[in-house]
1. Among the helices (runs of 4 or more DSSP H) confined wholly to region 333-432, which include 1 or more residues that are under 17 Å from residue 452 (Cα atoms)?
2. Considering every residue within region 372-380, establish whether at least one is surrounded by 15 or more Cβ atoms within 10 Å (Cβ to Cβ) and under 27 Å from residue 462 (Cβ atoms).
3. Can you tell me which of (1) surrounded by 16 or more Cβ atoms within 10 Å (Cβ to Cβ); (2) closer than 30 Å to residue 7 by Cα; (3) modelled with pLDDT of 85 or more is the one residue 122 doesn't meet?
4. What is the residue count in region 475-505 for residues that are more than 15 Å from residue 452 (Cβ to Cβ) and modelled with pLDDT of 90 or more?
5. Looking only at region 91-108, count how many residues are under 17 Å from residue 17 (Cα atoms) and either in contact with a Leu (Cβ under 7 Å, 6 or more places away or on another chain) or assigned to a loop (DSSP other than H, G, I, E, B) (or both).
6. Residues in region 277-299: is at least one within 30 Å of residue 128 (Cα to Cα) and assigned to a helix (DSSP H, G or I)?
7. Looking at region 106-119, which of its residues are under 18 Å from the mean Cα position of the chain (by Cα) and buried (at least 17 other Cβ atoms within 10 Å of the Cβ)?
Amino acid sequence: MSETEKILILEQDEELASAIAESLSAEGLSADILQVASLASNAYPVEGHEYDLLVVDLDGNENILGFYEKFRTFNPNAAIIVTASSPNLESAVRCLKGGAYDYLTKPILPETVVQSARNALENRKLFINIINLSEELKEANSLLAKQKDEIEREKNLLDRLLTESNLASDTRKLASLVINRERLIEEFFSLLGSFTSYDAAALILCSGSKPFLVIDEKKALSEEDIQQIREIMLSGAGIGPRVEGREIESFERESSESSRKAAITYRQLIPLMINDEFLGSIAVFSSKKTQFSSNVKNLLRMMAAEFAMVAKLFSLYEENKMLSVTDGLTKIFNNRYFQEMLARDFDRIKRYNGRLSLLLLDVDNFKSINDTYGHQQGDIILIELAQLLKKNTRKSDLVARYGGEEFVVVMPETDAERGVFLAETLRKKVAEHCFSGQGSCRKVTVSIGISEIEDNMRDQFELIGRADQALYRAKRTGKNKVCLSHGERIIDDPLLGAAQQHLSL
């Protein structure tokens, strides 16, 4: 972070404000404290000062609300973190839709505010970088217009320069598709095929922690050729069987022929680079005896140079999108993304009469763990638990952090009885798992509540509420167990009795 970044704290609890400021200072961040008592209804006491981040307590003070609106006017690009002692969903949604980065519920630790502040400033920096990149694209388009004027005056270069200019312009236009990966890939290969005749082409983009590879066949290739192309692209990106921790998303576009028989003899591979930063590669492959012409190679290099900016924008968009839907501690989906996906799935299930079950899971005695072993040990348990849930659920299931030590699993095309079986499996896996930390093995248990979408349910909130009631029953009747909400009843031992007869184990 730059030395010019400034933070303003407006907190009714003066002791908390001082603690936050001290914690920020300890982390090398500069913060000013604005006293609530200094606010007047029409005053803006920090006029003339610019801040990069505001930490504000919005609990019931009209002067604070007035100051908050003025602050947003004077600091339109500043990040905002809202704290509240009596939160509710409506106020949280209003604040977040109004541009707040985070909504923290009291009581809160200064360290929590510091971490949120760092994330908010980093998010603000990414946003400003995207704006700067957009300005660079505008400048590049302006330069392109000047180049076209020069092309008209130099008739002997007209055809070649027009082709190059149009290709550069069309490539830049792909920047508008970075939010739609399928369309971006479709238009990219369409543009690539407009000036080169290839039997196969490939694109690899190294975005975040999950690069993806696309292979486009114009002629049907052998399995050996496809594997060769895959190895060439992954090796060129520094990704191979010996590279650990990199998940590759790979798929092929359909070929126009059913049989596979063409053999690759020539290839041209060009990296996508911006200021020595590797963003991916473009490659074309041919089974013909003649190599690609020098004109095609030049156009490929030009397209790669222009598409590198698109790849950079795509990478920034993917990273920013992932940050917005990912829980900072556990690296799984956050509550906001869970709520959005559940609302969508609930409407779909109600419309098409499908099945969907929801699993709500809570760590037993988690406060005692924090009090006894410290919050760092508690964080380690939450991180490992998140990965344990991911590992032992299906790819179609959505695993998210609901809040605190609570997690949710959305199970599409799953009735409650099968959901109970999965819940029991997860409960046993957790109980058997040895959680690491401080050089010893920690054992924890979880309580689980389950609900299924039923005909009389009005919305997804009722589905969550019933799972929460079942979870409460599991916690109240002994913990380390699964309870099922079914209609108006809650079944304490859903694997026993009549429910067990319908399970397909």
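1. 335-352, 416-432
2. No: zero hits.
3. For residue 122, the failing item is (1).
4. Total meeting the criteria: 7.
5. The qualifying residues number 4.
6. Checked against the condition, which is being within 30 Å of residue 128 (Cα to Cα) and assigned to a helix (DSSP H, G or I), region 277-299 yields no hits at all.
7. Residue satisfying the conditions is 116 alone.
Every residue, every condition in (1) among the aliphatic types (A, V, I, L, M); (2) in contact with a strand residue (DSSP E or B) (Cβ under 6 Å, 6 or more places away or on another chain); (3) buried (at least 16 other Cβ atoms within 10 Å of the Cβ); (4) at pLDDT 90 or above, yes or no:
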| site | (1), (2), (3), (4) |
| --- | --- |
| 366 | no, no, yes, yes |
| 384 | no, yes, yes, yes |
| 392 | no, no, yes, yes |
| 412 | no, yes, yes, yes |
| 431 | yes, no, no, yes |
| 436 | no, no, no, no |
| 459 | no, no, no, yes |
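The values are calculated or read from the model by the stated rules, or taken from the named source; none is laboratory data. Predicted model only: the values in this text are computed from it and were never measured. Quick reminder, even Gly has a Cβ in these numbers, built from the backbone with ideal geometry, and neighbours come from all protein chains shown.
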